[in-house]
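The values are calculated or read from the model by the stated rules, or taken from the named source; none is laboratory data. Everything quoted here is computed from the prediction, not taken from an experiment. As a convention, Cβ positions derive from the backbone with ideal geometry for all residues, glycine included, and neighbour counts pool all protein chains shown. Remember, those area values only see protein heavy atoms, side chains included, never the ligands or the DNA or RNA. Shrake-Rupley method; radii C 1.70, N 1.55, O 1.52, S 1.80 Å.
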Amino acid sequence: MSIKSREDLLNKQAEVNEQIKSYTCRVLVCSGTGCIASGAQKIYDEMARLCEDIDGVTVEMQKDVPHVGVIKTGCQGLCELGPLMRIEPYDYQYVHVQPEDCKEIVERTVLEGKPVERLFYRDHDTVCPHPDDIPFLNQQTRIVLENCGKIDAESIEEYIAVGGYQALAKVIGSMSPQEVIDEVTRSGLRGRGGAGFPAGKKWSQVARQAEKTRYVVCNGDEGDPGAFMDGSVMEGDPYKMIEGMTIAAYAVGAENGYIYVRAEYPLSVKRLRMAIEQAEKYGLLGDNILDSGVNFHLHINRGAGAFVCGEGSALTASIEGNRGMPRVKPPRTVEKGLWGKPTVLNNVETYANVPKIILEGANWFRTIGTEGSPGTKTFSLTGSIENTGLIEVPMGTTLRHIIYDIGGGLKSGAAFKGVQIGGPSGGCLILDQLDAPLDFDSVKKLDAIMGSGGLVVMDENTCMVEVARFFMNFTQRESCGKCVPCREGTKRMLEILERIVAGKGAMSDLDELEELANMVQNMALCGLGKSAPLPVISTLKRFRDEYEEHILDKKCRAKVCTALRQFHINPEFCIGCGKCAKNCPAGAISGKIKHPHHINNDICIKCGACKDNCNFDAVYVEA
């Protein structure tokens, strides 16, 4: 079972590929967290049951004579359209699959090779039978997500079948640790966790430390609201990330590594454990990897959901069993990280890029992306967008291309207003910046950060003051409290924003917000604290008129801020049924039966019960 050489690896690859080719049909059920939440487990169970009932057909997971394989893949990308299913060898992509569809899929597609056309994705009037027909998928460049949705997420053999561990075999068999570091350095790979620090430089700094006990750590915490890129990689292709970590360990001379995963990612933890166990069984992890004398052991730590533990020194403190709080630097993690030892700390996506760089070379990697930010970037595309989901595009791709060409534009044809990039510590980009390239250096010039890759698209019905308040509320709650600028500064900023959305703000509040934002940005202890004011800074700069409307006119143009809404009854539509008055908890509605009613906004509590209970659309909201 153990693989001891590159020749063994190639033999195993050929063996597994022959096994896969022996299937008459393979059913790939998306089993990422998004599709699982939509009912994918029921789809998998039903397909497995139906296929077991076919004469002479067994399910792959039972490891008998395979004719039809029913397997669980990672995220197939189109999260909003789940549960998703792909059928090989026909390359059909089904969306919105329900348990009651499974019988027809087996009868028509599995047994006859014919499509169930009603389950195909439709791009307006165009039917898209195959993944490559779908604009959301065919305009991506997948390196990190190359295998997600295409292989069994719980089988190391399928990862080996698509070339997995060839990079590790190449490294151990024909490259010195310094040559590995040099190749990663030449590639220009920058950390995808948000800071964009050159990975090769970080590895080099660890490798040259006098201390010989070193560690490799993976940041899989991913605490940004709406971000799920790293989680999808850990669920859908954990082997690629683990192979990248093993290569990093070889390069810097580390024998132990730690993967720090959010406790809210139980599926990631489950599949990582399976992947580690399988890699150890095959001799690709643990002691004497590939019979080379190289040792590397991986451990999983589950974080308790603290946003601050995404910061390097707080993360290592948490692994050590201490409270996750940032520390003053220097010394940096590369000098004194985990247990005071030199530590390579990168995120999931960064490690997942490494195997391909080793196999294809640094020059190949540099042909993708921009000069200063080579390669691709994964993004979670969410918000007021037609197609939400997981994407991977070359660095330097514009927001316009992502939102309109890949994402399909805004929902219901609404007008674009902005996009929050970089999570709660990021900034807001607007219409004038739709054609700006998304790479580390360009985004920084726009008062924002790339972050881990969350993109929240907002339309004209979004209140930007409330957006700033929402993100400030998040960062204030998640502040570790160690340094005064972040602990007290974010609290004061939140109080001001809450006054403004409540209609009690003053113009002097805007000056105070800017002053506090600059103070926190310049004086906070860690990177998360320094970036906490960015949503306020960017919205104040680009949507100052909305702040002024809230303060001077007591209006919210998006009609989002509850305290600034006014409910009215249109007498032309009101038939005087009295239903609104009966359901008003404040007794703010008066009027005679069969005559138009009236709302007294002096005592109205803005609950919206009147609008919810009106059957004639007579109640409307005025900003």
Practice task
Give me the angle, in degrees from 0 to 90, between the Cα long axis of helix 6-21 and the longest principal axis of the Cα atoms of the chain, rounded to the nearest 10.
Solution key: 60
Problem - When each of Lys21/Lys356; Lys559/Lys606; Lys329/Lys482; Lys417/Lys559; Lys491/Lys559; Lys202/Lys444 is checked by Cα-Cα distance, pairs over 18 Å - result: Lys21/Lys356; Lys491/Lys559; Lys202/Lys444
Fill in the blank from the handout: If one compares the long axis through the Cα atoms of helix 177-187 with the longest principal axis of the Cα atoms of the chain, the angle in degrees, nearest 10, works out at 40
Fill in the blank from the handout: Quick note, the chain: a/c under 1.5 would make it rounded; otherwise a/b > b/c is prolate and the rest oblate (a ≥ b ≥ c, C-alpha gyration tensor); here it is oblate
Fill in the blank from the handout: Contact order relative to length for the chain, counting C-alpha pairs under 8 Å separated by 6 or more residues, stands in percent at 11
Problem - Binned Cα-Cα distance frequencies in the range 142-291 - 5 Å width, integer % - result: 2, 9, 18, 22, 22, 17, 9, 2, 0
Practice task
Compute the distance in nm between two label points, each set 7 Å from the Cα along the Cα-to-Cβ direction, one at Asp441 and one at Met507.
Solution key: 4.1
Handout entry: Per-residue ³J(HN,Hα) for the range 142-150, Karplus 6.51 cos²θ - 1.76 cosθ + 1.60, θ = phi - 60°, Hz, x for Gly and Pro
Key = 9, 10, 5, 9, 3, 9, 5, x, 10
Handout entry: Cβ-derived FRET efficiency at R0 35 Å, Glu15 paired with Glu112, nearest 0.05
Key = 0.70
Problem - FRET efficiency for Glu7 and Glu104, using Cβ-Cβ distance with R0 set to 30 Å, rounded to 0.05 - result: 0.05
Handout entry: Mean projection area, nm², convex hull over Cα of the range 272-327
Key = 4.8
Exercise for the section: Run the numbers on the range 475-623 and let me know its relative contact order in percent, using alpha-carbon pairs under 8 Å that are six or more apart. Expected result: 20
Exercise for the section: Would you work out what percent of the accessible area of the chain, with all protein chains in place, is carbon or sulfur (probe 1.4 Å)? Expected result: 49
Exercise for the section: Would you please give the residues with an amide H less than 5 Å from that of Asp123, counting only those at least 5 places away or on a separate chain, with H modeled from the backbone geometry? Expected result: Cys128
Fill in the blank from the handout: Listed by chain and number, the aspartates and glutamates with an alpha carbon less than 16 angstrom from that of Lys411, same-chain partners under 8 positions apart left out, are Glu80, Asp123, Glu386, Asp459, Glu460
Fill in the blank from the handout: Expressed in nanometres to one decimal, the distance between label points 7 Å along Cα→Cβ at Arg323 and Asn518 is 3.2
Exercise for the section: State, as an integer percentage, the relative contact order of the range 440-538 based on alpha-carbon contacts under 8 Å between residues 6 or more apart. Expected result: 30
Handout entry: Cα pair distances exceeding 23 angstrom across the range 66-160, given as percent
Key = 24
Handout entry: Over the chain: helical MRE at 222 nm, DSSP H runs n ≥ 4 each giving -39500 (n - 2.57), nearest 500
Key = -10000 deg cm²/dmol
Problem - Where trypsin sites (Lys or Arg not before Pro) fall in DSSP loop in the range 361-429, at most 12 other Cβ within 10 Å - result: none
Completion exercise
Shape call for the range 205-334, from the Cα gyration tensor axes a ≥ b ≥ c (a/c under 1.5 means rounded, otherwise prolate when a/b beats b/c, else oblate), comes out oblate
Practice task
For the range 295-356, run through the GluC sites (Glu not before Pro) and keep only the ones in DSSP coil with at most 15 other Cβ atoms within 10 Å of their Cβ.
Solution key: Glu320
